[in-house]
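Below: the structure, in structure tokens.
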Amino acid sequence: TITGVGQVLKQRKPSVHVVAVEPEASPVLSGGQPGPHKIQGIGAGFAPKILDTTIYDEIVKVSNEDSVANARLVARLEG
């Protein structure tokens, strides 16, 4: 999770910049309303109680289209 990994990274290198990624159609972390999206594994429609929002330095919203296109690109290039 971003909380666990982010804590360890910041302990080992305090200058690390942690970025949270969320679906633009369900921008809960940035204060928006939950909504349907096609990005599996993120954007559950709520922020869990264990989420430490002080860990991440930035929130980036991604579209369904960009996430699918980039997943395909990485699969093609990296296997």
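Bear in mind these aren't lab numbers, they're just calculated from the coordinates by the rules spelled out. On a predicted model such as this, the values are computed, not experimentally measured, just so you know. Don't worry about glycine lacking a Cβ; one is built from the backbone with ideal geometry, like all the others, and counts go over all protein chains shown.
Within the stretch 55-79, the residues that satisfy the criterion of being within 30 Å of Q11 (Cβ to Cβ) and under 14 Å from the mean Cα position of the chain (by Cα) are I55, Y56, D57, E58, I59, V60, K61, V62, S67. Per this entry, S67 is not counted among residues that are surrounded by 12 or more Cβ atoms within 10 Å (Cβ to Cβ), assigned to a loop (DSSP other than H, G, I, E, B) and of a type in the set (S, T, N, Q).
Set side by side, the residues Q11, Q33 differ, and just one is assigned to a loop (DSSP other than H, G, I, E, B) and either within 12 Å of the chain's Cα centre (by Cα) or surrounded by fewer than 11 Cβ atoms within 10 Å (Cβ to Cβ) (or both), which is Q33.
Across the stretch 36-53, what is the total count of residues that are surrounded by 11 or more Cβ atoms within 10 Å (Cβ to Cβ) and either more than 30 Å from P14 (Cβ to Cβ) or among the β-branched types (V, I, T) (or both)? Counting residues in the stretch 36-53 that are surrounded by 11 or more Cβ atoms within 10 Å (Cβ to Cβ) and either more than 30 Å from P14 (Cβ to Cβ) or among the β-branched types (V, I, T) (or both) gives 6.
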